[in-house]
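Written below as structure tokens is the structure these notes are about.
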4 protein chains.
Amino acid sequence: MAGNSFGTLFRITTWGESHGEALGVVIDGCPPTIDLSVEEIQKELDRRRPGQGAGSSPRKEGDRVEILSGVFEGRTTGTPISLLIRNEDVDSGSYEGLKDVFRPGHSDFTYQAKYGIRDYRGGGRASARETVGRVAAGAVAKKILAQERMEVTAYTLELGGIGVKRIDWEEIGRNDFRCPDPDAAKEMEKKIEKVKLQGDSIGGIVEILVRGCPPGLGEPVFDKLEADLAKALMSIGAVRGVEIGAGFGVARMSGSQCNDPLGSMGFEKNDAGGILGGISNGADILLRVAVKPIPSIRLEQRTVDQAMRPVSLRIEGRHDVSAIPRINPVCEAMVAIVLADHLLRQKAQEQGRWK
Amino acid sequence: MAGNSFGTLFRITTWGESHGEALGVVIDGCPPTIDLSVEEIQKELDRRRPGQGAGSSPRKEGDRVEILSGVFEGRTTGTPISLLIRNEDVDSGSYEGLKDVFRPGHSDFTYQAKYGIRDYRGGGRASARETVGRVAAGAVAKKILAQERMEVTAYTLELGGIGVKRIDWEEIGRNDFRCPDPDAAKEMEKKIEKVKLQGDSIGGIVEILVRGCPPGLGEPVFDKLEADLAKALMSIGAVRGVEIGAGFGVARMSGSQCNDPLGSMGFEKNDAGGILGGISNGADILLRVAVKPIPSIRLEQRTVDQAMRPVSLRIEGRHDVSAIPRINPVCEAMVAIVLADHLLRQKAQEQGRWK
Amino acid sequence: MAGNSFGTLFRITTWGESHGEALGVVIDGCPPTIDLSVEEIQKELDRRRPGQGAGSSPRKEGDRVEILSGVFEGRTTGTPISLLIRNEDVDSGSYEGLKDVFRPGHSDFTYQAKYGIRDYRGGGRASARETVGRVAAGAVAKKILAQERMEVTAYTLELGGIGVKRIDWEEIGRNDFRCPDPDAAKEMEKKIEKVKLQGDSIGGIVEILVRGCPPGLGEPVFDKLEADLAKALMSIGAVRGVEIGAGFGVARMSGSQCNDPLGSMGFEKNDAGGILGGISNGADILLRVAVKPIPSIRLEQRTVDQAMRPVSLRIEGRHDVSAIPRINPVCEAMVAIVLADHLLRQKAQEQGRWK
Amino acid sequence: MAGNSFGTLFRITTWGESHGEALGVVIDGCPPTIDLSVEEIQKELDRRRPGQGAGSSPRKEGDRVEILSGVFEGRTTGTPISLLIRNEDVDSGSYEGLKDVFRPGHSDFTYQAKYGIRDYRGGGRASARETVGRVAAGAVAKKILAQERMEVTAYTLELGGIGVKRIDWEEIGRNDFRCPDPDAAKEMEKKIEKVKLQGDSIGGIVEILVRGCPPGLGEPVFDKLEADLAKALMSIGAVRGVEIGAGFGVARMSGSQCNDPLGSMGFEKNDAGGILGGISNGADILLRVAVKPIPSIRLEQRTVDQAMRPVSLRIEGRHDVSAIPRINPVCEAMVAIVLADHLLRQKAQEQGRWK
């Protein structure tokens, strides 16, 4: 109810602040007897760690995950899986100056308004560091999806105005930006360097592709699969827009263009993005999110202090130039969590389909 | 869990099929002692009825709402409010021919895959008619918001490629399209007529504006206000994309452009769309949704029957050319429901803020 | 959140007041393709109608149920099932005198304290009439249980101090009290007549037996099967105590007496009442509830009006002498609803048990 | 959904196994700005530690709690509070022999049936050790209740057949059994010693008293205050029965005896146990639970192994003779958690009561 849990049958609860003792996640509802090792989770966490991609912040977040419960002799037991990541290399001194100032583009103002108290160190609970819990839980969700041969991949479609011109799946893992176009990746790198020098930051677009999703996942009406996916993705701090399939493009299509014809082999195109009426149709699921620029910039900004007095602000310290590509595994995690949840929900109904 | 409920403290459950006996909604969690009349709800329902706007379907949905519980002597009692709308003028004979065919762009295929049974008459539960329950509940949510002087308005920003060039708030109520630009409204009307003759359909973009929202609404992390709004809007059948504030535009902004500076009077611009870190900041909330063309068209389409044999299909019968503007009150309703819910959630925490 | 819904995968929401337009229930999560007729639901409703058993109130509640959604051509579709029962023969005039008085043993005082408004006619939402929605939903839950050959039976163990001395299963359906001991049933009848003449009322004990429950239902820790059953039964207005298996008797047992030994054929006795550690063990589930006397009595009582001024009160009108046996089908319904929910929850996990 | 969370606005999720790395709880929904120290939580944990009361097991559970999040500069921030207790002194070797055997009275059989895998060491998740998370969360709930001057106390009413004859509130804290009758306490001590020598165990009855509860807490229909309390208490492993106020005694009362008359000063007696129609009435809340004997006994028992072959079993190792009095703080914690949750729920509605 206070917003720190997500999902129904596969349900996660994250906790922790940027500069507190630790962060973590409790996963309730993971089915029993699935092989699960700390290495599998660590691998995903390493993908969102700083130092992934040019222009990332130099903070050394070791981010070593511990499995504290729910796994016995290498297999899940059906009981809650508690994952813990201790905060290390925490330098909260540099935030002392931000104690009374509301940073533009951050949630300092709104947390103060809501709670009347806030942990100002590094954004506290509102920090992007909160996403370690999501990524750790996503690693478990991916294990569930793998049982059904489902796979989630996020890649960069646009960064700082530089768009992808072609898609080569092999390239995604080869460059720092998870960019499927190697030429665009090079331009992105230059752009990042340039913006870094300016003390500014940039946004972009990430696309998420789900392969192998069977038909039947998703609930009608409110818990439509795309509705839950939209919520999951929009709950990532930097995301300001979500679209599925043809997305905003549908506004300029006619019905005869937009409808995907069906043939004996299935859908003949995929402008629906793999979901019809809230339920997966067996085609690939395709989503895109708009990622805003990192709000912490070195350039001078106008803001106010807690007494609403004007203040001029330059944010020093270690900050990424873009949330991309570190946000990509977070997008994957959220999509995987939604799909694992709906997979279990659908299983309950399949079983229930008595003759 | 089966997806027919929405909200937490203000929680609605809708039920009913397009051509069944009736449709309705149960609202649980409406605070007591609020004045509520059947006329207030009926007024909202009338806004989404057919015959609203050019190009709408001629079906006479009287859509008379009954209040069956939860209101005593004109005021809410805190107990569940049950609202009922009987289906009238139900002509299900025309659907007999669609019994075994999967209409492109509809959820016929996916419902069959999920449930192994479907009420094929008019789309059954997947029909846009399901939204009467949403609009009825939205009327109650709006009454709650009105207590705090909050107001939700949806208007048409684009239809069939025709965009709004200027915004005149007074115009919205004056034309059939809820279009704030009277010139664009005229062009939209011509476009609709043309597409109607072609037997095709068109999509567009709707913007939703919330005035008067106090700071502090929304929960951090997963139940961010924009996340719940995104889910609410994406759960409307025709919506394929949702964005807030600058939306997808953030992808091409720098941090120094995107951040909203703060002055002693508050935020100096509103690219955030009224929400920071998942919590309302006191500025207007601004959202946009992409609406796909109505999938039911008279033009011939390729599809398959339940045995996956190719079939050629022309959909006759009464169908709108666009979901706009009848979808606008549905968007308003969903946004109002999310805000009423988060208003109550925040009240619980304000009360709880002990010294 | 406002307490009118129950269950998770099989979830019901009831609504309606004693003297309002109608009462009803929405069932979300009923699996598709189950045969369901209005007669099957009506049959259960008829069992809780007045005129069932000696000493029941003469109000003619026709209680005709309508299925408004979720059933197509005689089978469930997986969409919400909305059931409606119109209030007939509503004589609210007799309640006019109770408008300003708090009846002892009723919730008049607490509703006023909580909501600042109350529908005083017949107890409004707090009336036992609210249970029609539960019984209607229970009829659907029983259909699900029947698919797995599970059966729920409630019978009277004690009434007004008259206890059952032997159990003859055949007798339960043969007398007005659902009493498995025909001699006790006769004494109960005399007792009821006597108390009726006195203008007083009596309580008793109901036992609920579940046959055919497979092992594995129930969740560990908080959603233990007995915990959900206790909540379900304690949520019935007249119930003041719940026990399972040996129940309060365990307080005077030793571990060596209380533990049920296991043999190659299963459990050798059943003091556990069919549940160990929150999970069904395959034995019969056995529960007992304490039912308080009907609080509406003709005898004079001391109470206060809304200004807390002392008032002397005699409650005239039609009232049962005991909630037993009309409460028995309500107990059955609640137990069936809990079991149907946990059955679906367990199915989701069984499916999820990958090798 | 998998049963490891409890509550709605004040929601806890516990995790951890008896012989795993650690146990803990995440509390979501604690209001901001409440003073909270690790010592306050530790104090409650110390009350449930072994070595509390005669006949308790000698295992040294240090049970040192760490606050990992949600508290900043000594006050709650409104974000999730994560509490961790590392397992120390874990001797799982002694459980090796129980790997393939189902202990009578334990959930070994049912966990195996449900999950197809189980952590057999000390009962794994089903161990009473799971309650450390509950007690830690209860300490936080008590802080919330204290803001409203509400207080929860559990004491022993009966142990091994020895009942309390008089109640002296001062005595509860003075003896090992939290027994309000010093003479009974002495007899209980003798009884415990005797049963210990026999290698057997005993049960009893615990009463829980809530002082200072304002009227208005609790929701009608399903989430009645007594229903949530019954679930909370029945979810404690050893509890087999729950009653409120006159409890099972109501079965033999007449309505004129059972109803509590109202006078200008409030209720004149309290057979209702402080709750009417699911809502607190301002009187003390009074509950009783039946506690079964500890199932682990040294006496020989008949059981089976995983292949359902008969086995003779003696359980050695460190085990309490009775769950009383260590279960008392667990009962207090669960009641406090329910009340804190309903207090916040009621606050949301009070706020919502607009004129």
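The values are calculated or read from the model by the stated rules, or taken from the named source; none is laboratory data. Fair warning: this is a prediction, and the values are worked out from it, not measured in the lab. So basically every Cβ, Gly included, is an ideal-geometry build from the backbone, and we count neighbours across all protein chains shown.
For segment B:115-133, state whether one or more residues are assigned to a helix (DSSP H, G or I) and more than 24 Å from the chain's Cα centre (by Cα). Yes, because at least one residue in segment B:115-133 is assigned to a helix (DSSP H, G or I) and more than 24 Å from the chain's Cα centre (by Cα).
Per-residue answers, yes or no, for (1) farther than 17 Å from B:Gly74 by Cα; (2) of a type in the set (Lys, Arg):
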site: C:Ile81; (1), (2): yes, no
site: C:Glu96; (1), (2): yes, no
site: C:Lys99; (1), (2): no, yes
site: C:Phe102; (1), (2): yes, no
site: C:Asp108; (1), (2): yes, no
site: C:Lys114; (1), (2): yes, yes
site: C:Asp119; (1), (2): no, no
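Within segment D:40-48, is even one residue within 20 Å of the chain's Cα centre (by Cα), surrounded by 24 or more Cβ atoms within 10 Å (Cβ to Cβ), within 14 Å of chain C (Cβ to nearest Cβ) and modelled with pLDDT of 95 or more? No, segment D:40-48 contains no residue that is within 20 Å of the chain's Cα centre (by Cα), surrounded by 24 or more Cβ atoms within 10 Å (Cβ to Cβ), within 14 Å of chain C (Cβ to nearest Cβ) and modelled with pLDDT of 95 or more. When we screen B:Lys231, B:Lys224 for residues that are at pLDDT 95 or above, surrounded by 24 or more Cβ atoms within 10 Å (Cβ to Cβ) and farther than 26 Å from B:Ser18 by Cα, the only hit is B:Lys224. Any residue in segment D:179-191 that is among the aliphatic types (A, V, I, L, M) and under 19 Å from the mean Cα position of the chain (by Cα)? No, segment D:179-191 has no match at all. Scan segment B:188-209 and tell me whether some residue there is out of contact with any helix residue (DSSP H, G or I) (no Cβ under 6 Å at 6 or more places or on another chain), surrounded by 24 or more Cβ atoms within 10 Å (Cβ to Cβ) and either among the small types (Gly, Ala, Ser) or outside any helix (DSSP H, G or I) (or both). So far as segment B:188-209 goes, no, none of its residues is out of contact with any helix residue (DSSP H, G or I) (no Cβ under 6 Å at 6 or more places or on another chain), surrounded by 24 or more Cβ atoms within 10 Å (Cβ to Cβ) and either among the small types (Gly, Ala, Ser) or outside any helix (DSSP H, G or I) (or both). Do we have any residue at all in segment A:140-157 that's among the small types (Gly, Ala, Ser), surrounded by 24 or more Cβ atoms within 10 Å (Cβ to Cβ) and within 30 Å of A:Asp181 (Cβ to Cβ)? Looking through segment A:140-157, at least one residue is among the small types (Gly, Ala, Ser), surrounded by 24 or more Cβ atoms within 10 Å (Cβ to Cβ) and within 30 Å of A:Asp181 (Cβ to Cβ). Note on segment A:20-34: residues that are in a loop (DSSP other than H, G, I, E, B) and within 14 Å of chain C (Cβ to nearest Cβ) total 6. Of all positions in segment A:221-232, none carries a residue that is facing chain B (nearest Cβ under 8 Å), among the acidic types (Asp, Glu), under 20 Å from the mean Cα position of the chain (by Cα) and not in a helix (DSSP H, G or I). The sole residue among D:Val321, D:Val335, D:Val291, D:Val330 that is at the interface with chain C (Cβ under 7 Å from one of its Cβ atoms) and either among the β-branched types (Val, Ile, Thr) or farther than 23 Å from C:Gly245 by Cβ (or both) is D:Val291.
Taking the criterion of being within 24 Å of the chain's Cα centre (by Cα) and in a strand (DSSP E or B), the residues of segment B:68-114 that qualify are B:Ile81, B:Ser82, B:Leu83, B:Leu84, B:Ile85, B:Arg86. Within segment A:111-125, being within 7 Å of chain B (Cβ to nearest Cβ) and either surrounded by fewer than 23 Cβ atoms within 10 Å (Cβ to Cβ) or over 15 Å from A:Tyr95 (Cβ atoms) (or both) holds for A:Ala113, A:Lys114, A:Gly116. Taking segment D:2-16 as the range and being out of contact with any Asp or Glu (no Cβ under 7 Å at 6 or more places or on another chain) and more than 7 Å from every other protein chain (Cβ to nearest Cβ) as the test, only D:Ile12 passes. Among (1) within 7 Å of chain D (Cβ to nearest Cβ); (2) touching a Lys or Arg at 6+ places or on another chain (Cβ under 9 Å), which single condition is C:Val304 missing? Among (1) within 7 Å of chain D (Cβ to nearest Cβ); (2) touching a Lys or Arg at 6+ places or on another chain (Cβ under 9 Å), C:Val304 violates only (2). Between D:Asp181, D:Asp176, the distinction of being free of Cβ contacts under 8 Å to residues at least 40 places away in the same chain and either β-branched (Val, Ile, Thr) or away from every other protein chain (no Cβ under 14 Å) (or both) belongs to D:Asp181 only.
Scanning segment B:233-278 for residues that are more than 7 Å from chain A (Cβ to nearest Cβ), under 30 Å from B:Ser296 (Cα atoms) and of a type in the set (Gly, Ala, Ser) yields a single hit, B:Ala238. Does at least one position in segment D:296-307 carry a residue that is within 26 Å of C:Asn4 (Cα to Cα) and not aliphatic (A, V, I, L, M)? No; the residues of segment D:296-307 include none that is within 26 Å of C:Asn4 (Cα to Cα) and not aliphatic (A, V, I, L, M). Of all the listed residues (D:Ile167, D:Ile162, D:Ile172), the sole one being over 18 Å from the mean Cα position of the chain (by Cα), within 25 Å of D:Gly212 (Cα to Cα) and of a type in the set (Val, Ile, Thr) is D:Ile167. Considering segment A:191-224 alone, what residues qualify as being farther than 22 Å from A:Gly105 by Cα, among the β-branched types (Val, Ile, Thr) and touching a Leu at 6+ places or on another chain (Cβ under 7 Å)? Residues satisfying the conditions are A:Ile208, A:Val210. Restricted to segment C:279-288, and to residues that are of a type in the set (Gly, Ala, Ser) and at the interface with chain D (Cβ under 10 Å from one of its Cβ atoms), which residue is farthest from C:Ala227 (Cα to Cα)? Per the criteria, the residue is C:Gly282.
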